[in-house]
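The values are calculated or read from the model by the stated rules, or taken from the named source; none is laboratory data. This is a predicted model, so every value here is computed, not measured. Virtual Cβ from ideal backbone geometry, glycine too; neighbours counted across all protein chains shown. The accessibility values were calculated without ligands, DNA or RNA, using every heavy atom of the protein model including side chains. Shrake-Rupley method; radii C 1.70, N 1.55, O 1.52, S 1.80 Å.
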Amino acid sequence: MRVALRGWRPLLLLILLIGCWELYVDLGGADPLILPAPHQVASSLYTDRSLLWSNFLVTAREVLLGILVAAVAGFTFAVALHFSKRTLRPAVYPLLVASQTIPIPIIAPLLVFWLGFGILPKLVVIALVSFFSIVVTTLAGLAAVDPDLVKLMRTFDASRLRIFRHVELPSALPGVFTGAKIAVAVAVIGAVFAEQAGSNSGLGYLFQESLPQLLTARAYAAVAILSAFAIVLFALLSLAERLALPWAYAPKGDLP
Amino acid sequence: MRRLVVPAVLLTLLLAACGEKQESVSPTGANTQNLTLMLDWFPNADHVGIYEALANGDFKTAGLDVHIEVPSNPASPLELLAAGKVDAAISYEPEVLLARNQNLPLVSVAAIVQEPLTSIVSIGSKHIQTAAQLRGKRVGDAGIPYQHAYLETILAHERIPPGSVKEINVGDNLVPAMLSGRVDATLGAYWNYEAIELAQMGKHPNVIRMNQVGVPTYDELVLVVRESTLVDHPDEIRRLVQAIGRGYQAVRSDPNAGVANLVGANPGLDSKFQRAAVRATLPAFFPSNPSNPWGWQDPVQWNAYGQWMLSNHLITNPAAVADASTNEELAGQGL
Amino acid sequence: MTEAPTEPRDVHGPDGIRVHEVIRTFRTGRSGVDALAGMSLRADPHDVVAVVGPSGCGKTTLLELICGLQQPDSGTVSSPPAALMPQRDLLLPWLSAIDNAVLALRARGVGREDARRQARPWLERFGLGGFETTRPAQLSGGMRQRVSFLRTLLAGKPVLALDEPFAALDAITRHEMQRWLAHVLEAEPRTVVLVTHDVEEAVLLADRVIVMSGRPGRALAELQVALPRPRSATDLAVVELRERALGALGVQR
């Protein structure tokens, strides 16, 4: 409840921005074919709603699966790098960073070449753009574990695995959530690029297909839906974070 | 928290399993052949005959299970074709020659659009009705080398010094470039696409087609396959080509039904626009000589265009030009 | 300390703790810091030995050596298995009080319910009865120290290494905790090495007080505290020993 009430401030700002945008276009600031007015976008959201919805479902599935893959792979990767601090990590980490610099228009056709025309190449693209933040934040979370805690566990004769399970893993969880929230925001826009890889459906495809047809308002509508989707996912993750990590949000107080 | 991991993994696998089954480029049942056809671009009016054939079951009747794919970028179709990832691709005559120049063993088996669609387009207020009026103007194009060569050829044809025309790379954004006034005209827009868009917007476009101003005529859209496919599966290609031909012929008899099938398969398309585009393009889908079958490619014209590419240093290997196209799979041919 | 952690080597000796002429240096780049330079300490089973000294004299290093977390560069350390009670309570914020208390058991592989069952009566005895499921953030400083101590006890080792356990508490709570610890140790005798900067605390709790020098640390003096328990800070004997210890530390009064 409190979250919903707090949301009115950004909503107000958003409405203000949309108002300015509407004025700008209506007063002739830009050609509607290049920058449509908000009311045109809204109109497209209504008239094209079934088209937008069916394509949204396609993209949503790709994004959710892609993030899931990125989360599992990213987490596993981070744990592996954490356990192999001296050998794997210095070798792999720079490559990981480099992987983010490869332009997607180069990767996408390559993936189609290897993986065909199904959902797989799109999953790989989405997973690729989301994977990085999860690895980085999880690894940072694992590395930031209090060394004194680890020492304490060693005096309890804890095995490496038990130290990981009882201390390092729970300590790193806030980091995992942070990485996931970033990943979610990035993945949704990544879907637009992902659908360059052998698609004939999805909001990204619809967006690309609408531009040469000068259906710019519809292209914007597709993006608006993607943005809203990203916000919803972000909010859901924040909720999940509060449920999974109640201790990080509990009020602190001293009892006598 | 631990308890969420296993169900999450299971959910992933389940969702992935619900995905589309992978394409296979191999025979399925005893009677139907799987076949992947990659378009040159997003589905549009130029492809109306293909979607008509699909909707009417012409492919099925021909024993083919055709899967249509949309490319991620304009270079993909021939790349993927050469790499064996698709069985047939739609592309442009210059691209086929460029590919063969790179020793890619590809061959064009049918012309889908029998003449150039590429044009010099400008909005009415610019008053560029003839090529001579390009002097001193800014022309936008997508930066493709052969488009640059078209411009040079046109200017030479009109005896305009090349330096007097400013060529600007506007990428794919031809119409916005014209609307914003950043360029006076564009080269690369199609007279059956962008020009119709501009007309529907009330911009009264002026159109100068390539083959009207000194560029040798060519087939704008062609159907391309690997040479090896022609050798190993000529019958399959023949059935594909002739089924597509039937599709275009059906559209000629009933263009509205054709548009309905095009838009039915691609709900993102605008019916009104596609109808106008299909009507405008219809004549170009068929050879000028009615005794030639649908898809006819004129060897003389292909050779002339190939020579033009050679003399403009767009290709270097004369062998690329010979045998770049064949009519043997068309109806009534090669038997 | 920039040392890479090494695997604890077996330092288990038969009976008491024997630390003999231990030198321990930490290298940072080319220079080194001498934490301990010839430190010796002896504790017989069920002895409570307090170690007092100024900050940075290597007290924590000494405890870590006894617990087998570090190896001496020179000299010998031998000790029965030791459990560490760290200076900061290091309670895991995501675990309840009882789950924190059983951490050592879980570290050994004991199941969660089994471990909790073992811990419950102890929580009662330590006055934490209704706070089993409370998280550390909602516990007072004194309660957190009690949970930390219980965790150390439940590790089931004959030696307890306590690193300034009450340093972070306010004076009132500290006095309460000192009384409480004396009481507990009476009921559950262990070999205890207690590191503290509070000389009075050392005299109140220990059988022997070892006074350490500043860095590099070594033993300056050893005081026998052969006084009956319970002791009070106002006892003359306690005050006198406190003064002697402070004198040994070189503190002007």
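Residues in the range A:140-182 that are over 28 Å from C:PHE149 (Cα atoms) and either outside any helix (DSSP H, G or I) or free of Cβ contacts under 8 Å to residues at least 40 places away in the same chain (or both) were compared, and the one that is farthest from the other protein chains (Cβ to nearest Cβ) is A:ALA140.
Return yes when C:SER213 is among the small types (Gly, Ala, Ser) and out of contact with any strand residue (DSSP E or B) (no Cβ under 8 Å at 6 or more places or on another chain) and no when it is not. Judged against the criteria, C:SER213 is not a match.
Give me the residue from the range C:213-253 that is in contact with a helix residue (DSSP H, G or I) (Cβ under 8 Å, 6 or more places away or on another chain) and of a type in the set (Lys, Arg) and, out of that set, most open to solvent (accessible area, probe 1.4 Å). Among those residues, the one meeting the criterion is C:ARG253.
Among the residues of the range C:59-101, the ones that are among the small types (Gly, Ala, Ser) and open to solvent by 10 Å² or more (accessible area, probe 1.4 Å) come to 4 in all. Restricted to the range A:44-62, and to residues there that are open to solvent by 30 Å² or more (accessible area, probe 1.4 Å) and within 11 Å of chain B (Cβ to nearest Cβ), the residue that is nearest to A:ALA224 (Cα to Cα) is A:ASP48.
Kindly indicate whether A:THR138 is of a type in the set (Ser, Thr, Tyr) and either open to solvent by less than 40 Å² (accessible area, probe 1.4 Å) or touching a strand residue (DSSP E or B) at 6+ places or on another chain (Cβ under 8 Å) (or both).
So A:THR138 fits the description; yes.
If a residue counts only when it is modelled with pLDDT of 95 or more and among the aromatic types (Phe, Trp, Tyr), which strands (runs of 3 or more DSSP E) contained entirely in the range B:172-237 have at least 2 such residues? So the answer is none; nothing clears 2. Whenever a residue of the range A:14-43 is away from chain B (no Cβ under 14 Å) and part of a helix (DSSP H, G or I), its partners that are modelled with pLDDT under 85 and open to solvent by less than 50 Å² (accessible area, probe 1.4 Å), lying with C-beta atoms within less than 9 angstrom and at least six residues away or across chains, give the pairs A:LEU23/A:GLY29; A:TYR24/A:ALA30. Residues of the range C:148-170 that are out of contact with any Gly (no Cβ under 9 Å at 6 or more places or on another chain), of a type in the set (A, V, I, L, M, F, W, C) and either more than 16 Å from C:ALA182 (Cα to Cα) or at pLDDT below 90 (or both): C:LEU154, C:ALA155, C:ALA167. Within the range C:120-157, the set of residues being within 13 Å of chain A (Cβ to nearest Cβ), open to solvent by 10 Å² or more (accessible area, probe 1.4 Å) and not in a helix (DSSP H, G or I) comprises C:GLY127, C:THR133, C:THR134, C:ARG135, C:SER140, C:GLY156, C:LYS157. Is it the case that the range B:66-79 has a residue that's touching a helix residue (DSSP H, G or I) at 6+ places or on another chain (Cβ under 8 Å), assigned to a strand (DSSP E or B), more than 14 Å from chain A (Cβ to nearest Cβ) and modelled with pLDDT of 95 or more? Within the range B:66-79, none of the residues are touching a helix residue (DSSP H, G or I) at 6+ places or on another chain (Cβ under 8 Å), assigned to a strand (DSSP E or B), more than 14 Å from chain A (Cβ to nearest Cβ) and modelled with pLDDT of 95 or more. Restricting the range A:71-91 to residues that are open to solvent by less than 30 Å² (accessible area, probe 1.4 Å) and among the aliphatic types (A, V, I, L, M), the residue that is nearest to the chain's Cα centre (by Cα) is A:ALA78. Filtering the range A:50-69 to residues that are within 13 Å of the chain's Cα centre (by Cα) and aliphatic (A, V, I, L, M) leaves A:ALA60, A:VAL63, A:LEU64, A:LEU65, A:ILE67, A:LEU68, A:VAL69.
Take A:VAL125 and tell me if it is within 19 Å of A:ALA230 (Cα to Cα) and either free of Cβ contacts under 8 Å to residues at least 40 places away in the same chain or within 11 Å of another protein chain (Cβ to nearest Cβ) (or both). Write out each step before concluding.
Values: within 19 Å of A:ALA230 (Cα to Cα): yes; either free of Cβ contacts under 8 Å to residues at least 40 places away in the same chain or within 11 Å of another protein chain (Cβ to nearest Cβ) (or both): yes.
Against the criterion (within 19 Å of A:ALA230 (Cα to Cα) and either free of Cβ contacts under 8 Å to residues at least 40 places away in the same chain or within 11 Å of another protein chain (Cβ to nearest Cβ) (or both)), A:VAL125 qualifies.
Within the range B:101-129, the residues that satisfy the criterion of being of a type in the set (Val, Ile, Thr), within 17 Å of B:MET178 (Cα to Cα) and out of contact with any His (no Cβ under 8 Å at 6 or more places or on another chain) are B:THR118, B:ILE120, B:VAL121, B:ILE128. Kindly indicate whether A:PRO147 is surrounded by fewer than 23 Cβ atoms within 10 Å (Cβ to Cβ), under 18 Å from the mean Cα position of the chain (by Cα) and under 26 Å from C:LEU95 (Cα atoms). No: the conditions fail for A:PRO147.
Condition first: more than 14 Å from chain B (Cβ to nearest Cβ), more than 17 Å from A:LEU173 (Cβ to Cβ) and either part of a helix (DSSP H, G or I) or touching a Leu at 6+ places or on another chain (Cβ under 8 Å) (or both). Can you find one or more residues in the range A:65-80 that meet it? Outline the logic, then answer.
First, the residues of the range A:65-80 that are more than 14 Å from chain B (Cβ to nearest Cβ): A:77-78, A:80.
Subsequent filtering for residues that are more than 17 Å from A:LEU173 (Cβ to Cβ) retains A:80.
Narrowing further to those that are either part of a helix (DSSP H, G or I) or touching a Leu at 6+ places or on another chain (Cβ under 8 Å) (or both): A:80.
Checked the range A:65-80: at least one residue is more than 14 Å from chain B (Cβ to nearest Cβ), more than 17 Å from A:LEU173 (Cβ to Cβ) and either part of a helix (DSSP H, G or I) or touching a Leu at 6+ places or on another chain (Cβ under 8 Å) (or both).
B:LEU97 meets all of the listed conditions (1) in a strand (DSSP E or B); (2) more than 24 Å from B:ALA280 (Cβ to Cβ); (3) among the hydrophobic types (A, V, I, L, M, F, W, C) but one, namely (1).
Is it the case that C:ALA245 is in a helix (DSSP H, G or I), among the small types (Gly, Ala, Ser) and either under 28 Å from A:MET153 (Cβ atoms) or in contact (Cβ under 8 Å) with a residue 40 or more places away in the chain (or both)? Judged against the criteria, C:ALA245 is a match. Here B:ASN303 passes the criteria (1) out of contact with any Gly (no Cβ under 8 Å at 6 or more places or on another chain); (2) open to solvent by less than 20 Å² (accessible area, probe 1.4 Å) except the one numbered (2).
Would it be correct to say that A:ALA217 is more than 14 Å from chain C (Cβ to nearest Cβ), touching a Ser or Thr at 6+ places or on another chain (Cβ under 7 Å) and farther than 25 Å from A:VAL72 by Cα? Spelling it out, A:ALA217 is indeed more than 14 Å from chain C (Cβ to nearest Cβ), touching a Ser or Thr at 6+ places or on another chain (Cβ under 7 Å) and farther than 25 Å from A:VAL72 by Cα.
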